[in-house]
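Q: Here it is, the structure in full.
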Amino acid sequence: MSEQELPPWLKEQVVRVNQLQQNLQAILMQKQQVEIENVEVSKALEELKKVGVDETVYKTAGPVLIKANKDVIVKELEEKKELANTRAMVLSKQETRLKENLKEVQGKIDEMVRGASSTGTGASINHRNPKVD
């Protein structure tokens, strides 16, 4: 059966699966960016711990380096790290919810396809069920 021959209810569910997969991909990309940011902040904090009290510290402001107070920079980086951790937790929850929704919709599609083929309402539909971790 070609995609044009799919029943409307099945087309809707396939569209929903595609949307959920796109949303999941976007969440995973955001999560990866947050994790990278978190690693960078952790490395910067590690390096700042090595700097002595009397040493000069600079921070970036666009393409310019500005002399700054070490304690202020440490505080800013710790806040940035805390925010990144919170964002990562929120993204993880969204990821879990999207995966659950995706499994649910895929299950509905499977049920609909089995129901349609068992009632003899047409040719069998070759349905591909991608795995979701």
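Q: Specify which of the listed residues (L6, L91, L28, L98) is at pLDDT below 95 and surrounded by 11 or more Cβ atoms within 10 Å (Cβ to Cβ).
A: Unique residue meeting the criteria: L6.
Q: Any residue that is acidic (D, E), free of Cβ contacts under 8 Å to residues at least 12 places away in the same chain and more than 30 Å from Q94 (Cα to Cα) - is there at least one of those in the range 24-46?
A: Yes, because at least one residue in the range 24-46 is acidic (D, E), free of Cβ contacts under 8 Å to residues at least 12 places away in the same chain and more than 30 Å from Q94 (Cα to Cα).
Q: To continue, here is another question. Cβ-Cβ under 8 Å, sequence separation 6+ or interchain: first residue in the range 65-80 and farther than 14 Å from V53 by Cβ, partner among the small types (G, A, S). Which pairs?
A: L77/A44
Q: What's the number of the only condition in (1) over 19 Å from the mean Cα position of the chain (by Cα); (2) modelled with pLDDT under 95 that R16 fails to meet?
A: Status for R16: all satisfied but (1).
The values are calculated or read from the model by the stated rules, or taken from the named source; none is laboratory data. Please read all numbers here as calculations on a predicted model, not as lab measurements. Cβ: placed from backbone, ideal geometry, glycine included. Neighbour counts: every protein chain shown.
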